[in-house]
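Input: a single structure, listed below in structure tokens.
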Amino acid sequence: MNKQLVFIFTLLSFLILSTPAVKADKVMASMHCIPTSIEPGGAVICDIDFKLLNPNETATLKLKKVYLEDKEIWPRGPSRGTVIVPNSKFHLGPHDIEGSIAITLTFNNEMADCYFGKPVLDDYRDKFGGRTYKITAVVDGISTPVSAQIKIKNTGLWDSFIWVLEYLIVLIYLISIAVSLSTKNFPIGSLLLVVFSGFVGVSIARIASGLQWNLKYGYWSPDIPSIVFLISIVLISALDYKEDKKSWKLILSGLLWLLMVTAAKYGSNGDVLAIVLSLTLWVTVELVGITGKRVKAYKRELSSVVVAPYLIPISYHLMLSVSSFVFWVSSFFIFLVAILFVNVLYHSNYSSKRYIVLMSPALVLLFMTTNSPYFLAYALPLLGITFLYERWDN
């Protein structure tokens with residue numbers, strides 16, 4: 001028994017003596033950021049200050065990583081220029097006992113995409129607001145990371161209000177033009193709604209971004225533009241249902257919105273975009289249907305809806321990818337070309353069932369745009385258009 005105790009004691013003593021002692025840091029480090037409170041989209045400069053504890057020693061320091069909360073943002077992270085580190089390595093010695101590393105962080109859309117994730121429309125930059133964030137730097141040569149806190153202010157509701165107001169004014173203006181033309185030349189009026197359906201698409205995409213935020217990223221903050229646009233679209237659907245009280249239209253709309261929630265929760269941006277364009281097509285058809293019923297339009301007068309499955313993705317992508325001037329010029333050029341096409345259809349003898357043949361290739365266009373299996377959802381509004389044509393034909 002005593003031999004066993006002696007052996008255990010000897011083994012423990014050997015392990016203790018062979019374990020190297022924890023070496024104390026040669027350098028004292030601290031971190032501070034200026035300013036400590038910024039607006040979303042603003043920039044902050046964080047300085048890490050170092051000082052040799054013993055002026056006769058030397059130390060080489062190198063910045064290894066920077067974290068925003070638990071998310072690495074340097075050297076891996078957002079695109080170049082969002083987190084800037086001019087000099088990540090330097091040497092301290094008897095002649096330079098103090099030094100610092102400067103880190104510039106810009107809370108722009110690239111930082112938001114890195115930290116929160118990329119939504120189907122715009123970014124979550126405004127979601128930085130109203131919170132305090134810890135910025136942590138890991139430095140080679142110092143055993144403990146250094147950190148500092150900054151606060152990002154809330155974005156004012158005024159900016160969101162202006163954003164919504166701009167789109168609603170343009171959309172209402174275009175709808176009013178279409179309605180006024182309906183009494184004289186309905187195909188031209190309905191074609192206006194179709195060509196500029198990108199405004200409807202952007203509104204629905206904003207709703208989708210709000211759903212992605214709430215369902216996928218787990219932050220339940222109200223998105224005023226999403227709520228306003230959703231109310232507007234619900235009113236359009238309610239008014240369309242009031243005109244003819246077809247229950248299948250409510251079922252179709254409900255199914256599309258259910259797919260939207262599913263894609264926002266579990267799908268990629270391509271999946272969400274496929275549902276956004278599917279809903280845009282259906283809401284645009286509802287708008288055309290509302291004005292068509294008011295002027296007692298018939299099937300042949302509604303032939304502009306056939307080009308909607310093609311013009312909606314084009315209009316939506318034009319709005320997001322080109323300047324305002326290029327968008328309007330391109331849209332009016334597309335409008336002129338679409339008039340020629342619609343006139344050909346207007347004077348043709350196509351039956352309602354043959355129109356689905358003209359619209360079906362739009363599914364391929366949507367798949368090429370989104371690369372998502374959700375492109376099949378586009379078939380729902382296409383089928384709905386065919387049902388409407390059959391009713392108008394009878």
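The values are calculated or read from the model by the stated rules, or taken from the named source; none is laboratory data. Source: prediction; values computed, not measured. Cβ: placed from backbone, ideal geometry, glycine included. Neighbour counts: every protein chain shown. Ligands, DNA and RNA are stripped out before the accessible areas are found, and what is left, the full protein with its side chains, is counted by its heavy atoms. Shrake-Rupley method; radii C 1.70, N 1.55, O 1.52, S 1.80 Å.
Restricting the first residue to the stretch 373-388 and requiring it to be of a type in the set (A, V, I, L, M, F, W, C), which pairs with a second residue that is not in a helix (DSSP H, G or I) meet a Cβ separation below 8 Å and a spacing of at least six or different chains?
Leu382/Ser360
Pairs, please: C-beta under 6 Å, at least 6 apart or cross-chain, first residue over 23 Å from Gly292 (Cβ atoms) and in the stretch 159-179, second open to solvent by 60 Å² or more (accessible area, probe 1.4 Å)?
These pairs meet every condition: Ser160/Ile224.
Pairs needed: first member in the stretch 345-357, within 13 Å of Val305 (Cα to Cα); second member anywhere, modelled with pLDDT under 75; C-beta distance under 8 Å; at least 6 residues apart or different chains.
So the pair list comes out as Tyr346/Arg300; Tyr346/Glu301; Ser352/Lys299; Ser352/Tyr389; Ser352/Glu390; Ser352/Trp392; Ser352/Asp393; Tyr355/Tyr389.
Among the listed residues Phe367, Phe325, which satisfies the condition of being part of a helix (DSSP H, G or I) and closer than 23 Å to Ser253 by Cα?
Unique residue meeting the criteria: Phe367.
For (1) at pLDDT below 85; (2) open to solvent by 50 Å² or more (accessible area, probe 1.4 Å); (3) not in a helix (DSSP H, G or I), each residue gets a yes or a no:
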residue: Arg206; (1), (2), (3): no, no, no
residue: Asn214; (1), (2), (3): no, no, no
residue: Trp220; (1), (2), (3): yes, yes, yes
residue: Ile231; (1), (2), (3): no, yes, no
residue: Ile236; (1), (2), (3): no, no, no
residue: Leu252; (1), (2), (3): no, no, no
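How many residues are in a helix (DSSP H, G or I) and either closer than 17 Å to Val272 by Cα or modelled with pLDDT under 85 (or both) if we restrict to the stretch 342-363?
Count: 13.
Within the stretch 156-173, which residues are surrounded by fewer than 19 Cβ atoms within 10 Å (Cβ to Cβ) and within 30 Å of Tyr346 (Cβ to Cβ)?
Val170, Ile172, Tyr173
Select from the stretch 116-134 the residues that are more than 14 Å from Pro78 (Cβ to Cβ), open to solvent by less than 20 Å² (accessible area, probe 1.4 Å) and in a loop (DSSP other than H, G, I, E, B) and list them in ascending order.
Hits for the stretch 116-134 are Pro119, Leu121, Gly129.
Considering Ser176, Ser190, which residue is more than 25 Å from the chain's Cα centre (by Cα), among the hydroxyl-bearing types (Ser, Thr, Tyr) and open to solvent by 10 Å² or more (accessible area, probe 1.4 Å)?
After applying the criteria, what remains is Ser176.
Scan the stretch 61-80 and tell me whether some residue there is assigned by the TED database to the domain that holds Tyr133, without any contact (Cβ under 8 Å) to a residue 40 or more places away in the chain and of a type in the set (A, V, I, L, M).
No, that holds for no residue.
Residue by residue, here is whether (1) without any contact (Cβ under 8 Å) to a residue 40 or more places away in the chain; (2) under 30 Å from Val228 (Cα atoms); (3) open to solvent by less than 90 Å² (accessible area, probe 1.4 Å) holds:
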{"residue": "His95", "(1), (2), (3)": "yes, no, no"}
{"residue": "Thr104", "(1), (2), (3)": "no, no, yes"}
{"residue": "Cys114", "(1), (2), (3)": "no, yes, yes"}
{"residue": "Val138", "(1), (2), (3)": "no, no, yes"}
{"residue": "Ile150", "(1), (2), (3)": "no, no, yes"}
{"residue": "Asn154", "(1), (2), (3)": "yes, yes, no"}
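Run Ser360 past the list (1) under 21 Å from Trp248 (Cα atoms); (2) open to solvent by less than 70 Å² (accessible area, probe 1.4 Å); (3) in contact (Cβ under 8 Å) with a residue 60 or more places away in the chain and report the number of the one that doesn't hold.
Checking Ser360 against (1) under 21 Å from Trp248 (Cα atoms); (2) open to solvent by less than 70 Å² (accessible area, probe 1.4 Å); (3) in contact (Cβ under 8 Å) with a residue 60 or more places away in the chain, the one that fails is (3).
Could you check Pro40 against (1) at pLDDT 90 or above; (2) in contact with a helix residue (DSSP H, G or I) (Cβ under 6 Å, 6 or more places away or on another chain) and say which number it fails?
Checking Pro40 against (1) at pLDDT 90 or above; (2) in contact with a helix residue (DSSP H, G or I) (Cβ under 6 Å, 6 or more places away or on another chain), the one that fails is (1).
For every residue, the table says whether it meets (1) modelled with pLDDT of 90 or more; (2) more than 25 Å from the chain's Cα centre (by Cα); (3) of a type in the set (Gly, Ala, Ser); (4) closer than 17 Å to Leu358 by Cα.
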| residue | (1), (2), (3), (4) |
| --- | --- |
| Arg300 | no, yes, no, yes |
| Ser315 | yes, no, yes, no |
| Ser330 | yes, no, yes, no |
| Leu336 | yes, yes, no, no |
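Could you list, in sequence order, the residues of the stretch 36-50 that are over 17 Å from Asn87 (Cα atoms) and open to solvent by 60 Å² or more (accessible area, probe 1.4 Å)?
Matches in the stretch 36-50: Thr36, Glu39.
Quick one: would you say Val170 is at pLDDT 85 or above and in contact with a Pro (Cβ under 9 Å, 6 or more places away or on another chain)?
no
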